[in-house]
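Notes to accompany the following structure.
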Amino acid sequence: MPIQVRLGVMLAERNVKSKDLAEYVGITEANLSLLKKGHVKGVRFETLERICDFLDCQPGDLLRYQRDETNEGSSR
């Protein structure tokens, strides 16, 4: 998938525990883990806002787009 979730990196850089973030955001640790692994189909803006507030970051710090090399020449 071309969208990469960097939540784990941000947690490590900020020395924050997943448990603390999940509690602040109001989601389960299991759902936060799925988000960290990129195993979700979407995320609510409210959830993203709370994550950014807690980590003092921008949405772009959490998500990266990396073009899929195999589909680079395909039509859009």
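Only the coordinates and a few stated rules stand behind these numbers; no lab work does. Only a predicted model underlies this, so the values are computations on that prediction, with no experimental measurement involved. Positions of Cβ are backbone-derived with ideal geometry, glycine not excepted, and every protein chain shown enters the neighbour counts.
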Here the residues within the stretch 1-34 that are of a type outside the set (Lys, Arg), surrounded by 11 or more Cβ atoms within 10 Å (Cβ to Cβ) and under 25 Å from GLU69 (Cβ atoms) are GLN4, VAL5, LEU7, GLY8, VAL9
Those residues of the stretch 1-32 that are touching a residue at least 12 places away in the same chain (Cβ under 8 Å), assigned to a loop (DSSP other than H, G, I, E, B) and over 14 Å from ARG50 (Cβ atoms) come to a total of 3
Can you confirm whether GLY38 is within 14 Å of the chain's Cα centre (by Cα), surrounded by fewer than 10 Cβ atoms within 10 Å (Cβ to Cβ) and of a type in the set (Gly, Ala, Ser)?
no
Go through the stretch 33-48 and give me each residue that's part of a helix (DSSP H, G or I) and of a type in the set (Val, Ile, Thr).
THR47
